[in-house]
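Provided herewith is a single structure, encoded as structure tokens, for subsequent inquiry.
The values are calculated or read from the model by the stated rules, or taken from the named source; none is laboratory data. Computed from a predicted structure; not experimentally measured. Cβ atoms come from the backbone with ideal geometry, glycine included; neighbour counts cover every protein chain shown. Just the protein is used for accessible areas: all its heavy atoms, side chains included, with ligands, DNA and RNA removed. Shrake-Rupley method; radii C 1.70, N 1.55, O 1.52, S 1.80 Å.
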Amino acid sequence: TLPFALRQQVQRYPVTLYTAPGCAPCDLGRLALQQRGVPFREWHVEPDGGAELQRREGTTSLPVLRVGRQQLLGFEATEWRRTLDAAGYPASSALPPSWQPPAVEALKAQEAPAGASAAARAPAAPQPVAPGASGFRF
């Protein structure tokens with residue numbers, strides 16, 4: 001369990017991080033949250049998950065940090081620090097030594113609900129992507 005003050009911040013301003021494998025800014029952002037001791041939920045955006053990220057966050061840029069309703073695109077240490085400060089997260093870790101972060105979840109394409117029309121199940125037209133790019137912007 002989390003200390004009372006930290007638990008209150010997590011309830012008021014939950015922190016969610018969207019990342020992708022091989023994304024250096026994502027790795028820096030994750031490390032910054034871990035060093036500060038911010039409990040967060042992490043979603044790894046799978047190669048087919050760009051549309052779902054676009055639906056949830058309105059972007060395909062990574063990393064995406066959400067602190068409550070505030071969304072930050074890309075990793076910029078000063079901006080992330082200011083946002084976490086404004087949300088009341090402690091400047092240094094208050095996590096108990098026994099605390100374990102939740103498992104990282106995969107964000108992938110959502111399947112259309114059963115009974116949805118064929119048009120709704122059809123994949124969207126692909127967007128042009130530079131050769132060798134995954135479609136994500138870092």
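What is the sum of charges around residue 39, taking Lys and Arg as +1, Asp and Glu as -1, for the other residues whose C-beta is under 13 Å from the C-beta of residue 39? If you can, show how the numbers build up before the last one.
Values: positive: 7, 12, 30, 36, 41; negative: 42.
Once all neighbours under 13 Å are counted, the net charge is +4.
Moving on to the next point. Between residue 99 and residue 61, what is the label-to-label distance in nm when each label sits 7 Å out along the Cα-to-Cβ direction?
So the two model labels end up 2.9 nm from each other.
Can you tell me how the range 2-119 classifies by the Cα gyration tensor, rounded, prolate or oblate, using a/c under 1.5 as the rounded cut?
Cα axes put the range 2-119 in the prolate bin.
What do you get for GluC sites (Glu not before Pro) in the range 2-79 restricted to DSSP loop and a cutoff of at most 15 other Cβ within 10 Å of the site's Cβ?
Those that pass, being in a loop and sparsely packed, are 76.
If you don't mind, there's one more thing I want to ask. In Å², and per residue, what accessible area does the range 1-75 have when probed at 1.4 Å with the other protein chains present? Walk me through the intermediate numbers first.
Working: 3720 Å² over 75 residues.
That works out to 50 Å² per residue.
May I pose another question? The range 1-101: which trypsin sites (Lys or Arg not before Pro) are DSSP loop and have at most 15 other beta-carbon atoms within 10 angstrom?
Details: sites: 7, 12, 30, 36, 41, 55, 56, 66, 69, 81, 82; in loops: 69.
Filter output for the range 1-101: 69.
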